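Data block below; observations after.
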Amino acid sequence: MESTQIGPGIYNVGVADWNIRDFHGYSTDVGTTYNAFLVMDEKIALVDSVKKEYADQLLDNIARIVDPRKIDYVISNHTEMDHSGSLARIMHRVGEDKPLYCSKMGVKNLARHFPQKWNYQAVGSGDELKIGKRTLRFLETRMIHWPDSMFTYLVEDGVLFSSDGFGQHYAGPEKFDDQVGDRIMVHAKKYFANILLLYSSHIEKLIRQVADMNLDIRIICPDHGVIWRREPAKIVQAYLQWCRQEPEKKAVVIYDTMWHSTEKMAEAINAGILAEGVASKPLNLRAWHRSEVMTELFDARAVAVGSPTLNNGLFPTVADFLCYMRGLKPRNKIGAAFGSYGWSGEAVKLIEDELKEMKIDLIQPGLKVQFVPEKSVLTVCNEFGRNIGRAVTAATGTDSLAA
Ligand code: FEO
(Lines give C-alpha, C1' and ligand atoms only; values in the text may rest on other atoms or scores of the structure.)
Protein backbone atom coordinates (compact mmCIF):
# COMPACT_ATOMS: atom_id res chain seq x y z
CA MET A 1 0.00 0.00 0.00
CA GLU A 2 1.43 3.35 -1.04
CA SER A 3 1.05 6.31 1.26
CA THR A 4 -2.10 8.41 0.92
CA GLN A 5 -2.42 12.13 1.50
CA ILE A 6 -5.26 12.93 3.88
CA GLY A 7 -4.76 16.68 4.00
CA PRO A 8 -1.92 19.20 3.70
CA GLY A 9 1.06 17.61 5.45
CA ILE A 10 -1.02 14.65 6.74
CA TYR A 11 -0.38 11.19 5.29
CA ASN A 12 -1.41 7.61 5.89
CA VAL A 13 1.92 5.78 5.61
CA GLY A 14 0.51 2.44 6.77
CA VAL A 15 0.43 -0.91 5.00
CA ALA A 16 -2.11 -3.40 3.68
CA ASP A 17 -2.12 -7.02 4.89
CA TRP A 18 -3.93 -8.32 1.81
CA ASN A 19 -3.77 -12.02 2.58
CA ILE A 20 -4.43 -12.32 6.29
CA ARG A 21 -7.49 -14.51 6.80
CA ASP A 22 -7.33 -15.10 10.55
CA PHE A 23 -6.75 -12.20 12.89
CA HIS A 24 -6.46 -13.85 16.31
CA GLY A 25 -9.61 -15.87 15.71
CA TYR A 26 -11.51 -13.30 13.60
CA SER A 27 -12.06 -14.14 9.94
CA THR A 28 -10.56 -11.33 7.87
CA ASP A 29 -12.04 -12.36 4.54
CA VAL A 30 -10.78 -9.28 2.69
CA GLY A 31 -7.57 -8.73 4.67
CA THR A 32 -6.92 -5.63 6.72
CA THR A 33 -4.68 -2.59 6.90
CA TYR A 34 -2.44 -1.26 9.63
CA ASN A 35 -2.65 2.49 9.22
CA ALA A 36 0.04 4.84 10.54
CA PHE A 37 0.05 8.58 10.11
CA LEU A 38 2.68 11.18 9.42
CA VAL A 39 1.91 14.76 10.44
CA MET A 40 4.32 17.37 9.04
CA ASP A 41 4.84 20.80 10.58
CA GLU A 42 7.86 22.54 12.07
CA LYS A 43 8.18 19.25 13.89
CA ILE A 44 7.24 15.89 12.39
CA ALA A 45 5.15 13.32 14.25
CA LEU A 46 4.47 9.68 13.44
CA VAL A 47 1.20 8.40 14.90
CA ASP A 48 1.26 4.61 15.40
CA SER A 49 3.20 1.98 13.53
CA VAL A 50 2.43 -1.42 12.01
CA LYS A 51 2.95 -5.15 12.52
CA LYS A 52 6.55 -6.20 12.95
CA GLU A 53 6.83 -7.91 9.55
CA TYR A 54 5.76 -4.73 7.76
CA ALA A 55 8.36 -2.42 9.32
CA ASP A 56 10.31 -2.08 6.06
CA GLN A 57 7.19 -1.13 4.10
CA LEU A 58 6.32 1.50 6.69
CA LEU A 59 9.83 2.94 6.58
CA ASP A 60 9.76 2.96 2.75
CA ASN A 61 6.42 4.78 2.78
CA ILE A 62 7.77 7.37 5.20
CA ALA A 63 11.01 7.74 3.23
CA ARG A 64 9.08 8.73 0.08
CA ILE A 65 7.87 11.76 2.04
CA VAL A 66 10.66 12.50 4.49
CA ASP A 67 13.80 10.90 5.85
CA PRO A 68 12.57 8.86 8.85
CA ARG A 69 15.47 10.28 10.90
CA LYS A 70 13.76 13.68 10.67
CA ILE A 71 10.75 12.45 12.64
CA ASP A 72 10.76 14.34 15.96
CA TYR A 73 8.01 12.55 17.87
CA VAL A 74 6.54 9.07 17.82
CA ILE A 75 3.04 8.56 19.24
CA SER A 76 1.72 5.15 20.24
CA ASN A 77 -2.05 5.23 20.62
CA HIS A 78 -2.26 1.51 21.39
CA THR A 79 0.17 -1.20 22.45
CA GLU A 80 -1.34 -4.19 20.63
CA MET A 81 1.28 -5.62 18.30
CA ASP A 82 -0.57 -4.86 15.07
CA HIS A 83 0.19 -1.20 15.88
CA SER A 84 3.42 -1.43 17.87
CA GLY A 85 5.14 -4.57 16.59
CA SER A 86 7.49 -2.59 14.37
CA LEU A 87 8.37 0.00 17.04
CA ALA A 88 11.83 -1.44 17.71
CA ARG A 89 12.78 -0.99 14.03
CA ILE A 90 11.10 2.39 13.82
CA MET A 91 12.68 3.80 16.95
CA HIS A 92 16.06 2.48 15.86
CA ARG A 93 15.73 4.35 12.55
CA VAL A 94 14.05 7.48 13.91
CA GLY A 95 16.41 7.72 16.86
CA GLU A 96 16.27 5.80 20.15
CA ASP A 97 16.29 9.05 22.14
CA LYS A 98 13.29 10.63 20.35
CA PRO A 99 10.26 11.19 22.60
CA LEU A 100 7.68 8.39 22.45
CA TYR A 101 4.26 9.62 23.55
CA CYS A 102 1.66 7.23 24.95
CA SER A 103 -0.76 6.91 27.85
CA LYS A 104 0.50 5.99 31.33
CA MET A 105 -0.77 2.48 30.78
CA GLY A 106 0.91 2.57 27.38
CA VAL A 107 4.26 3.15 29.07
CA LYS A 108 3.71 0.11 31.29
CA ASN A 109 2.44 -2.11 28.49
CA LEU A 110 5.07 -1.11 25.92
CA ALA A 111 7.78 -1.75 28.54
CA ARG A 112 6.37 -5.29 28.88
CA HIS A 113 6.75 -5.82 25.14
CA PHE A 114 10.09 -4.11 24.50
CA PRO A 115 13.23 -4.12 26.69
CA GLN A 116 14.54 -0.85 25.23
CA LYS A 117 14.63 2.13 27.63
CA TRP A 118 12.93 4.57 25.28
CA ASN A 119 12.28 8.21 26.06
CA TYR A 120 8.67 7.62 27.12
CA GLN A 121 6.46 10.66 27.60
CA ALA A 122 3.28 9.67 29.42
CA VAL A 123 0.25 11.81 28.53
CA GLY A 124 -3.34 12.00 29.74
CA SER A 125 -6.61 13.40 28.43
CA GLY A 126 -6.29 17.05 27.45
CA ASP A 127 -2.49 17.09 27.28
CA GLU A 128 -1.21 18.78 24.14
CA LEU A 129 1.91 18.68 22.01
CA LYS A 130 2.64 21.68 19.77
CA ILE A 131 4.39 20.71 16.54
CA GLY A 132 4.45 24.18 14.96
CA LYS A 133 1.22 25.76 13.78
CA ARG A 134 -0.50 22.53 14.66
CA THR A 135 -1.39 20.92 17.97
CA LEU A 136 -1.82 17.28 18.88
CA ARG A 137 -4.21 16.73 21.78
CA PHE A 138 -4.41 13.38 23.55
CA LEU A 139 -7.61 11.69 24.76
CA GLU A 140 -7.42 8.57 26.88
CA THR A 141 -9.87 5.96 25.60
CA ARG A 142 -9.30 2.95 27.84
CA MET A 143 -10.70 -0.31 26.43
CA ILE A 144 -10.98 0.89 22.84
CA HIS A 145 -9.54 -1.64 22.73
CA TRP A 146 -7.01 -2.16 25.55
CA PRO A 147 -6.44 -0.28 28.82
CA ASP A 148 -3.59 1.66 27.16
CA SER A 149 -5.66 2.96 24.23
CA MET A 150 -5.90 6.64 23.44
CA PHE A 151 -6.98 8.87 20.56
CA THR A 152 -4.84 11.70 19.21
CA TYR A 153 -6.68 14.75 17.88
CA LEU A 154 -5.06 17.14 15.43
CA VAL A 155 -6.80 20.30 16.61
CA GLU A 156 -6.40 22.78 13.74
CA ASP A 157 -7.32 20.24 11.03
CA GLY A 158 -10.12 18.48 12.92
CA VAL A 159 -8.51 15.07 12.37
CA LEU A 160 -9.05 12.34 14.94
CA PHE A 161 -6.53 9.48 14.94
CA SER A 162 -8.75 6.91 16.61
CA SER A 163 -6.59 3.78 16.80
CA ASP A 164 -8.87 0.69 16.90
CA GLY A 165 -11.98 2.85 17.33
CA PHE A 166 -14.16 3.09 14.17
CA GLY A 167 -11.89 0.59 12.39
CA GLN A 168 -12.77 -2.09 9.86
CA HIS A 169 -10.80 -5.12 8.81
CA TYR A 170 -10.86 -4.13 5.15
CA ALA A 171 -8.08 -4.01 2.58
CA GLY A 172 -9.08 -2.73 -0.83
CA PRO A 173 -8.13 -0.22 -3.48
CA GLU A 174 -10.23 2.42 -1.70
CA LYS A 175 -8.68 4.58 1.00
CA PHE A 176 -11.70 6.67 2.07
CA ASP A 177 -15.31 5.94 3.04
CA ASP A 178 -16.71 7.90 0.09
CA GLN A 179 -14.80 5.63 -2.30
CA VAL A 180 -16.27 2.43 -0.82
CA GLY A 181 -19.82 3.58 -0.08
CA ASP A 182 -22.17 2.04 2.44
CA ARG A 183 -20.86 -1.50 2.06
CA ILE A 184 -18.02 -0.51 4.41
CA MET A 185 -20.58 -0.46 7.23
CA VAL A 186 -20.83 -4.27 7.08
CA HIS A 187 -17.12 -4.47 7.90
CA ALA A 188 -17.37 -1.78 10.61
CA LYS A 189 -20.25 -3.65 12.23
CA LYS A 190 -18.44 -6.99 12.15
CA TYR A 191 -15.41 -5.31 13.74
CA PHE A 192 -17.56 -3.82 16.50
CA ALA A 193 -19.46 -7.08 17.14
CA ASN A 194 -16.28 -9.14 17.46
CA ILE A 195 -13.74 -6.78 18.98
CA LEU A 196 -15.49 -4.03 20.90
CA LEU A 197 -18.84 -5.54 21.93
CA LEU A 198 -17.63 -6.50 25.41
CA TYR A 199 -16.86 -2.84 26.13
CA SER A 200 -20.11 -1.39 24.71
CA SER A 201 -21.27 0.42 27.86
CA HIS A 202 -17.84 1.90 28.44
CA ILE A 203 -17.45 2.95 24.79
CA GLU A 204 -20.85 4.66 24.81
CA LYS A 205 -19.78 6.75 27.82
CA LEU A 206 -16.45 7.60 26.20
CA ILE A 207 -18.07 8.69 22.94
CA ARG A 208 -20.51 10.87 24.85
CA GLN A 209 -17.60 12.41 26.79
CA VAL A 210 -15.81 13.17 23.53
CA ALA A 211 -19.05 14.61 22.08
CA ASP A 212 -19.38 16.87 25.14
CA MET A 213 -15.97 18.35 24.30
CA ASN A 214 -17.54 19.77 21.12
CA LEU A 215 -14.50 18.90 19.08
CA ASP A 216 -14.70 19.85 15.44
CA ILE A 217 -14.09 16.37 13.98
CA ARG A 218 -13.88 16.56 10.19
CA ILE A 219 -11.95 13.37 9.49
CA ILE A 220 -11.63 10.16 11.52
CA CYS A 221 -8.51 8.09 10.85
CA PRO A 222 -8.73 4.61 12.38
CA ASP A 223 -5.75 2.24 12.39
CA HIS A 224 -7.66 -0.35 10.32
CA GLY A 225 -9.48 0.08 7.03
CA VAL A 226 -10.66 3.21 5.31
CA ILE A 227 -10.65 6.77 6.59
CA TRP A 228 -13.96 8.44 7.40
CA ARG A 229 -13.94 11.81 5.62
CA ARG A 230 -17.33 12.08 3.89
CA GLU A 231 -19.51 11.72 6.94
CA PRO A 232 -17.53 10.95 10.11
CA ALA A 233 -20.63 11.54 12.23
CA LYS A 234 -22.25 8.51 10.56
CA ILE A 235 -19.84 6.01 12.08
CA VAL A 236 -20.01 7.78 15.45
CA GLN A 237 -23.82 7.53 15.40
CA ALA A 238 -23.58 3.88 14.34
CA TYR A 239 -21.30 3.19 17.33
CA LEU A 240 -23.76 4.85 19.71
CA GLN A 241 -26.54 2.67 18.32
CA TRP A 242 -24.44 -0.51 18.42
CA CYS A 243 -23.34 0.23 21.99
CA ARG A 244 -26.99 0.18 23.10
CA GLN A 245 -27.38 -3.38 21.72
CA GLU A 246 -31.06 -2.93 20.89
CA PRO A 247 -31.90 -6.10 18.96
CA GLU A 248 -33.97 -6.31 15.81
CA LYS A 249 -36.91 -8.58 15.14
CA LYS A 250 -34.57 -11.39 14.29
CA ALA A 251 -33.37 -14.78 15.50
CA VAL A 252 -30.42 -16.99 14.68
CA VAL A 253 -30.28 -20.79 14.81
CA ILE A 254 -26.68 -21.80 15.48
CA TYR A 255 -25.74 -25.47 15.37
CA ASP A 256 -23.44 -28.26 14.31
CA THR A 257 -24.40 -31.77 13.40
CA MET A 258 -22.86 -35.26 13.17
CA TRP A 259 -25.33 -37.24 11.01
CA HIS A 260 -27.70 -34.40 10.01
CA SER A 261 -30.22 -35.04 12.81
CA THR A 262 -29.48 -31.80 14.71
CA GLU A 263 -29.39 -30.11 11.30
CA LYS A 264 -32.91 -31.36 10.50
CA MET A 265 -34.04 -29.98 13.86
CA ALA A 266 -32.31 -26.65 13.15
CA GLU A 267 -34.02 -26.28 9.78
CA ALA A 268 -37.47 -27.14 11.19
CA ILE A 269 -36.94 -24.68 14.07
CA ASN A 270 -35.80 -22.01 11.63
CA ALA A 271 -38.89 -22.62 9.46
CA GLY A 272 -41.08 -22.19 12.56
CA ILE A 273 -39.43 -18.87 13.41
CA LEU A 274 -39.89 -17.63 9.83
CA ALA A 275 -43.53 -18.73 9.90
CA GLU A 276 -44.05 -16.25 12.75
CA GLY A 277 -42.78 -13.40 10.54
CA VAL A 278 -39.41 -13.14 12.27
CA ALA A 279 -36.16 -13.01 10.29
CA SER A 280 -33.95 -16.03 10.97
CA LYS A 281 -31.12 -18.05 9.48
CA PRO A 282 -29.78 -21.52 10.26
CA LEU A 283 -26.00 -21.16 10.75
CA ASN A 284 -23.97 -24.35 10.61
CA LEU A 285 -20.76 -23.75 12.56
CA ARG A 286 -18.71 -25.70 10.04
CA ALA A 287 -19.90 -23.43 7.23
CA TRP A 288 -19.93 -20.14 9.13
CA HIS A 289 -16.89 -18.78 10.91
CA ARG A 290 -17.43 -17.91 14.57
CA SER A 291 -16.89 -14.19 13.87
CA GLU A 292 -19.51 -14.23 11.08
CA VAL A 293 -21.94 -16.00 13.41
CA MET A 294 -21.25 -13.38 16.09
CA THR A 295 -22.03 -10.63 13.58
CA GLU A 296 -25.35 -12.30 12.71
CA LEU A 297 -26.15 -12.80 16.39
CA PHE A 298 -25.21 -9.23 17.35
CA ASP A 299 -28.52 -7.63 16.34
CA ALA A 300 -30.75 -10.69 16.87
CA ARG A 301 -33.17 -10.90 19.81
CA ALA A 302 -33.20 -14.70 20.02
CA VAL A 303 -30.43 -17.23 19.78
CA ALA A 304 -31.25 -20.93 19.43
CA VAL A 305 -28.22 -23.16 19.87
CA GLY A 306 -28.14 -26.82 18.84
CA SER A 307 -25.56 -29.52 19.42
CA PRO A 308 -25.36 -33.27 19.15
CA THR A 309 -24.03 -34.97 22.26
CA LEU A 310 -20.49 -36.20 21.65
CA ASN A 311 -18.68 -38.17 24.35
CA ASN A 312 -21.15 -36.93 26.98
CA GLY A 313 -20.46 -33.31 26.05
CA LEU A 314 -20.94 -30.58 23.49
CA PHE A 315 -19.84 -30.92 19.90
CA PRO A 316 -16.43 -29.10 19.76
CA THR A 317 -17.49 -26.34 17.34
CA VAL A 318 -20.50 -25.52 19.53
CA ALA A 319 -18.31 -25.41 22.64
CA ASP A 320 -15.88 -23.14 20.77
CA PHE A 321 -18.63 -20.76 19.74
CA LEU A 322 -20.25 -20.61 23.18
CA CYS A 323 -16.84 -19.84 24.72
CA TYR A 324 -16.29 -17.06 22.16
CA MET A 325 -19.79 -15.65 22.64
CA ARG A 326 -19.50 -15.73 26.45
CA GLY A 327 -16.34 -13.61 26.25
CA LEU A 328 -18.08 -10.93 24.18
CA LYS A 329 -21.07 -10.76 26.59
CA PRO A 330 -23.91 -9.84 24.20
CA ARG A 331 -26.87 -8.26 26.00
CA ASN A 332 -30.66 -8.23 25.54
CA LYS A 333 -30.99 -11.78 24.20
CA ILE A 334 -33.41 -14.61 24.76
CA GLY A 335 -32.49 -18.17 23.89
CA ALA A 336 -33.23 -21.86 23.59
CA ALA A 337 -31.29 -25.11 23.23
CA PHE A 338 -31.84 -28.21 21.15
CA GLY A 339 -30.02 -31.25 19.83
CA SER A 340 -30.08 -34.88 18.80
CA TYR A 341 -28.40 -37.56 20.89
CA GLY A 342 -27.73 -41.27 20.89
CA TRP A 343 -27.95 -42.51 24.49
CA SER A 344 -26.92 -39.94 27.11
CA GLY A 345 -27.95 -36.51 25.71
CA GLU A 346 -26.07 -34.05 27.94
CA ALA A 347 -25.51 -31.38 25.25
CA VAL A 348 -28.85 -29.58 25.55
CA LYS A 349 -28.46 -29.03 29.29
CA LEU A 350 -24.86 -27.91 28.81
CA ILE A 351 -26.04 -25.31 26.26
CA GLU A 352 -28.76 -24.12 28.63
CA ASP A 353 -26.21 -23.77 31.44
CA GLU A 354 -24.01 -21.67 29.15
CA LEU A 355 -26.91 -19.45 28.05
CA LYS A 356 -27.97 -18.89 31.67
CA GLU A 357 -24.38 -18.07 32.58
CA MET A 358 -24.55 -15.39 29.86
CA LYS A 359 -27.77 -14.03 31.44
CA ILE A 360 -29.80 -15.09 28.41
CA ASP A 361 -33.40 -15.86 29.43
CA LEU A 362 -34.58 -19.23 28.21
CA ILE A 363 -37.78 -19.07 26.17
CA GLN A 364 -38.74 -22.69 26.79
CA PRO A 365 -37.24 -25.99 28.01
CA GLY A 366 -34.60 -27.44 25.69
CA LEU A 367 -35.63 -29.90 22.97
CA LYS A 368 -33.85 -33.28 22.83
CA VAL A 369 -34.41 -35.92 20.18
CA GLN A 370 -32.95 -39.43 20.22
CA PHE A 371 -31.18 -40.33 16.98
CA VAL A 372 -33.04 -39.31 13.79
CA PRO A 373 -36.09 -36.99 14.11
CA GLU A 374 -39.12 -38.45 12.36
CA LYS A 375 -41.82 -36.34 10.74
CA SER A 376 -43.89 -35.92 13.90
CA VAL A 377 -40.78 -34.80 15.79
CA LEU A 378 -39.99 -32.24 13.11
CA THR A 379 -43.49 -30.86 13.65
CA VAL A 380 -42.56 -30.44 17.33
CA CYS A 381 -39.33 -28.69 16.23
CA ASN A 382 -41.36 -26.38 14.01
CA GLU A 383 -43.60 -25.47 16.96
CA PHE A 384 -40.44 -24.95 19.06
CA GLY A 385 -39.35 -22.44 16.41
CA ARG A 386 -42.78 -20.80 16.38
CA ASN A 387 -42.46 -20.26 20.15
CA ILE A 388 -39.14 -18.55 19.56
CA GLY A 389 -40.69 -16.38 16.85
CA ARG A 390 -43.60 -15.41 19.11
CA ALA A 391 -41.18 -14.56 21.94
CA VAL A 392 -39.15 -12.35 19.60
CA THR A 393 -42.29 -10.57 18.44
CA ALA A 394 -43.44 -10.07 22.03
CA ALA A 395 -40.04 -8.62 22.95
CA THR A 396 -39.46 -6.42 19.93
CA GLY A 397 -42.80 -5.44 18.42
CA THR A 398 -45.45 -6.69 16.06
CA ASP A 399 -44.29 -5.56 12.62
CA SER A 400 -44.32 -8.60 10.39
CA LEU A 401 -41.33 -9.59 8.27
CA ALA A 402 -43.48 -9.14 5.17
CA ALA A 403 -44.56 -5.63 6.14
FE1 FEO B 1 -5.77 -3.20 16.06
FE2 FEO B 1 -6.30 -3.71 19.50
O3 FEO B 1 -5.38 -3.69 17.84
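Have a look at the DSSP beta bridges in the range 204-359 and tell me what percent are antiparallel, nearest 5.
Numbers: 3 of 20 bridges.
Within the range 204-359, antiparallel bridges account for around 15 percent of the total.
No solvent, one uniform scatterer per C-alpha: report log10 I(q)/I(0) for the range 174-259 via the Debye equation at q = 0.24 1/Å, two decimals.
Log10 of I(q)/I(0), two decimals: -1.33.
Any idea what the dipole of the range 70-193 comes to, in debye rounded to 20, about its Cα centre with Lys/Arg Cβ at +1 and Asp/Glu Cβ at -1? Kindly include the intermediate steps, with their values, before the conclusion.
Numbers: 17 positive and 16 negative charges, 72 e Å.
So the magnitude is around 340 debye.
Compute the separation of the alpha-carbon centres of the range 79-107 and the range 363-384 and state it in Å as a whole number.
That distance is 57 Å.
Ranked highest first by the average count of other Cβ atoms within 10 Å around their residues, in what order do 175-187, 194-206, 379-391 fall?
Those peptides, ordered most packed to least, come out 379-391, 194-206, 175-187.
Taking each full run of DSSP H in the chain as one helix, which ones are at least 30 Å long along their axis (Cα atoms) and have mean Kyte-Doolittle hydropathy of at least -1.0?
375-396
Rounded to the nearest 5, what is the percent of antiparallel bridges among the DSSP beta bridges in the range 20-93? If you can, show how the numbers build up before the last one.
On the way: 6 of 9 bridges.
Percent antiparallel among DSSP bridges in the range 20-93 is about 65.
Collect residues whose amide H, placed 1.01 Å from N in the peptide plane, falls under 5 Å from the amide H of TYR101; neighbours closer than 5 in sequence don't count.
Placed amide hydrogens put VAL74, ILE75, SER76, GLN121 under 5 Å from TYR101.
Kirkwood hydrodynamic radius, the range 106-168, all distinct C-alpha pairs: what's the number in Å? Before the final figure, lay out each step's value.
Working: mean 1/r = 0.0781 Å⁻¹.
Evaluated over the range 106-168, this radius sits at 12.8 Å.
Percent of accessible area on the chain owned by carbon and sulfur, 1.4 Å probe? Please list the in-between numbers first.
Details: 8660 of 16770 Å².
Roughly 52 percent of what the probe reaches on the chain is carbon or sulfur.
Under a 1.4 Å probe, what is the accessible area of the range 310-385 per residue, stated in Å²?
Values: 3930 Å² over 76 residues.
Per-residue accessible area for the range 310-385 comes out at 52 Å².
What are the residues whose amide H is under 5 Å from the amide H of ALA300, where those residues sit 5 or more places off or on another chain and H is modelled from the backbone?
GLU248
Order of 326-333, 52-59, 289-296 by packing, highest average Cβ count within 10 Å first?
Numbers: 326-333: 16.2, 52-59: 17.9, 289-296: 20.1.
By packing density, highest mean first, the sequence is 289-296, 52-59, 326-333.
Determine, for each peptide in 251-259, 130-138, the mean count of other beta carbons within 10 angstrom over its residues, then list the peptides with the highest first.
Numbers: 251-259: 24.7, 130-138: 16.9.
Going by the mean number of other Cβ atoms within 10 Å, highest first, we get 251-259, 130-138.
How large is the accessible surface per residue of the range 234-277, computed with a 1.4 Å probe and reported in Å² as a whole number? Kindly include the intermediate steps, with their values, before the conclusion.
Numbers: 1700 Å² over 44 residues.
Using a 1.4 Å probe on heavy atoms only, each residue of the range 234-277 averages 39 Å².
Number of Lys-Lys pairs in the range 84-135 under 16 Å by Cα, sequence gap 8 or more or different chains? Mind dumping the intermediate values first?
Working: LYS98/LYS117; LYS98/LYS130; LYS104/LYS117; LYS108/LYS117.
For the range 84-135, qualifying lysine pairs total 4.
Under 28 Å from the Cα of LYS349, which lysines turn up, not counting those fewer than eight places away in the same chain?
LYS249, LYS250, LYS264, LYS281, LYS329, LYS333, LYS359, LYS368, LYS375
Of all DSSP beta bridges in the chain, what percent run antiparallel (nearest 5)?
On the way: 29 of 67 bridges.
Just about 45 percent of them are antiparallel.
If the viscosity is 0.692 mPa s and the temperature 37 °C, what Stokes-Einstein diffusion coefficient in µm²/s follows for the chain when Rh is the Kirkwood radius over Cα pairs? Mind dumping the intermediate values first?
Details: Rh = 22.8 Å.
D, rounded to a whole number, is 144 µm²/s.
May I ask you to list the aspartates and glutamates whose Cα is less than 12 Å away from that of LYS190, ignoring any residue fewer than eight positions away on the same chain?
Of all the aspartates and glutamates, those that pass the test against LYS190 - Cα under 12 Å, at least 8 places apart if same chain - are ASP29, GLU292, GLU296, ASP299.
Residues of the range 233-272 with backbone nitrogen within less than 12 Å of a virtual label 7 Å along the Cα-to-Cβ line of VAL372, please, listed as ranges.
259-261
The values are calculated or read from the model by the stated rules, or taken from the named source; none is laboratory data. In this text, all values refer to a predicted model and were calculated from it rather than measured experimentally. FYI the Cβ positions are ideal-geometry reconstructions off the backbone, even for glycines, and counts take in every protein chain you see. Side chains are part of the model used for accessible areas, which takes the heavy atoms of the whole protein and leaves out ligands, DNA and RNA. Shrake-Rupley method; radii C 1.70, N 1.55, O 1.52, S 1.80 Å.
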